[in-house]
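The values are calculated or read from the model by the stated rules, or taken from the named source; none is laboratory data. These figures come from a predicted structure and were not determined experimentally. All Cβ positions, even for glycine, are placed from backbone atoms using ideal geometry, and neighbour counts span all protein chains on display.
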Amino acid sequence: MRKEIFEEGEYYHIYNRGVDKRLIFLNDRERLRFVNTLYVLNHFLTIPFRFDILSLEPKELLTPIPAHVDIVAGCLMPNHYHLMLKPEQKNGVSTFMHKIGTSYAHYFNTKHERTGRLFEGTFKAKHVDRHEYASYLTHYIHLNPKYLCRAKLGTKTGEMLKCIADYAWSTLPIYLGKDSPFSPSVSTRFRDNVLDMDAGEYRILMSDTCREMCRA
């Protein structure tokens, strides 16, 4: 049984990785499937058999439900993921993450003809209990691709920031005023209302943070 109590109106950092640190996203098709599942299972009852999760069509097959959570930030890495969520109803986080984990593990195991657990265990969660932590956490989540970019670019801050900003499987493009595969699920409300920044201000802050964090 989980120890955390997810209170409505509060924000939480949710993360998990593959069992034995195994890769859980092998290609962009799998990443898109996971991201689109976040959207569908948060806003609709199930994923019908005849619904194409990659194209999100046809929408008329879906049964709308009240959102379980508000997804405000996220990033997919080869063997783990990060999300920042706010529950929109009682047990919203637990219900949502159970649906996501079950759906994606079934898809991945069927596709790769494997059995057993895909994720290390139940998802990990940390309460975002301070504004300063909320600001730091979006930077932390959005800078996760630094590990991929560093292997290609070293520690050149300007090139690193561009590489990180161009990484499609993060909500950073949305925070910078661009589209992302996360766009159906994530808006700029958190950036606008909680961080009180526009796209230009967030880019400047990310650049400053990158200089510090990308060398860590």
Restrict the check to segment 173-194 and report whether at least one residue is at pLDDT below 90 and within 26 Å of D28 (Cα to Cα).
no
Regarding segment 61-68, can at least one residue be identified that is in a helix (DSSP H, G or I) and either touching a residue at least 24 places away in the same chain (Cβ under 8 Å) or farther than 19 Å from F25 by Cα (or both)?
yes
If you check every pair at least six apart or on different chains, which have Cβ atoms under 8 Å apart with a residue in segment 100-116 that is assigned to a loop (DSSP other than H, G, I, E, B) first and a residue that is crowded, with 17+ Cβ neighbours inside 10 Å second?
R114/F108
Say we look at segment 31-76 and pick out the residues that are over 20 Å from R189 (Cβ atoms) and of a type in the set (F, W, Y); which of these is surrounded by the most Cβ atoms within 10 Å (Cβ to Cβ)?
F34
Assuming L161 fulfils every condition listed in (1) assigned to a helix (DSSP H, G or I); (2) closer than 29 Å to V19 by Cβ apart from one, which condition is it?
(2)
Selection within segment 174-192 - in contact with a Pro (Cβ under 9 Å, 6 or more places away or on another chain) and of a type in the set (G, A, S)
S180, S183
Are any of the residues in segment 17-26 on the phi > 0 side of the Ramachandran plot and outside the structural domain of I164 (by TED's automatic domain parsing)?
yes
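Would a scan of segment 132-147 turn up a residue that is in contact with a Cys (Cβ under 8 Å, 6 or more places away or on another chain), aliphatic (A, V, I, L, M) and part of a helix (DSSP H, G or I)?
Applying the first criterion (in contact with a Cys (Cβ under 8 Å, 6 or more places away or on another chain)) to segment 132-147 yields 141-146.
Those still in the list that are aliphatic (A, V, I, L, M) too: 141, 143.
Narrowing the set further to residues that are part of a helix (DSSP H, G or I) leaves 141.
Yes; the residues of segment 132-147 include at least one that is in contact with a Cys (Cβ under 8 Å, 6 or more places away or on another chain), aliphatic (A, V, I, L, M) and part of a helix (DSSP H, G or I).
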Looking for something touching a strand residue (DSSP E or B) at 6+ places or on another chain (Cβ under 6 Å), more than 22 Å from N193 (Cα to Cα) and not assigned by TED's automatic domain parsing to the domain that holds A165 - is there at least one such residue anywhere in segment 72-88?
yes
For segment 66-84, how many residues are touching a Gly at 6+ places or on another chain (Cβ under 9 Å) and of a type in the set (A, V, I, L, M)?
4
In segment 12-30, what residues are in a helix (DSSP H, G or I), of a type in the set (D, E, K, R) and closer than 22 Å to A125 by Cβ?
D20, K21
Restricting attention to segment 173-194, the residues that are buried (at least 20 other Cβ atoms within 10 Å of the Cβ) and either aromatic (F, W, Y) or in contact (Cβ under 8 Å) with a residue 40 or more places away in the chain (or both) number exactly 7
